[in-house]
Amino acid sequence: MRLMAFDYGTKRIGIAVTDPMQIIATALTTVHPDKIWEFLEDYFKTEQVETFVLGKPLQMDGTNSESAIHILGFARRLKKTYPLIPIIEIDERFTSKMAAAVIAQSCKKKNKRQEKGIVDTISATLILQTYMETKAF
């Protein structure tokens, strides 16, 4: 079964998944928050997910950031909709900056809207990789 990670935002949710053997994390897509439940319903018609990994935005002192309230609501609905799938929260403080650096290094030219979506999916992938690395120890 796969692991699925979310980089939640009020405008976009970046989504990443592992392969079924949980070896490689891959960017999947970006979905508008209004469409996430429909997307997940369709995804689960063909794929199984063992664990949800949710990026948790923290401030530098480790306390919740202002946007954490939105993620809390998303996490509650995930738990209610998919009660058998555990949710793991991972510190996501630096994932957007790291994702932007990856894009800059790849020299891909995209318009700003596409670039923001790419940042979200790469951020979700970094969140997932972080979880996989901590799980390995």
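The values are calculated or read from the model by the stated rules, or taken from the named source; none is laboratory data. All values derive from a computational prediction rather than experimental measurement. Cβ sites come from the backbone with ideal geometry, for glycine too, and all protein chains shown count toward neighbours.
The table below lists the values:
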read-out	value
Near pairs, Cβ below 6 angstrom, 6+ apart or cross-chain, from region 25-37 (within 17 Å of Thr81 (Cβ to Cβ)) to any residue that is not in a helix (DSSP H, G or I)	Val31/Ile13; Pro33/Ile13; Ile36/Ile13
Check on Val119, at pLDDT below 80, in contact with a helix residue (DSSP H, G or I) (Cβ under 9 Å, 6 or more places away or on another chain) and not in a loop (DSSP other than H, G, I, E, B)	yes
Among (1) under 23 Å from Asp34 (Cβ atoms); (2) at pLDDT below 60; (3) under 16 Å from the mean Cα position of the chain (by Cα), the one test that Arg77 misses	(2)
Subset of region 33-58 [assigned to a strand (DSSP E or B), out of contact with any helix residue (DSSP H, G or I) (no Cβ under 7 Å at 6 or more places or on another chain), of a type outside the set (S, T, N, Q) and closer than 17 Å to Ala16 by Cβ]	Val49, Glu50
Filtered residue count, region 19-34, keeping only those that are within 11 Å of Ala124 (Cα to Cα), of a type in the set (S, T, N, Q) and in contact with a Leu (Cβ under 9 Å, 6 or more places away or on another chain)	1
Sole residue being modelled with pLDDT of 95 or more and not polar (S, T, N, Q), chosen from Pro57, Pro86	Pro86
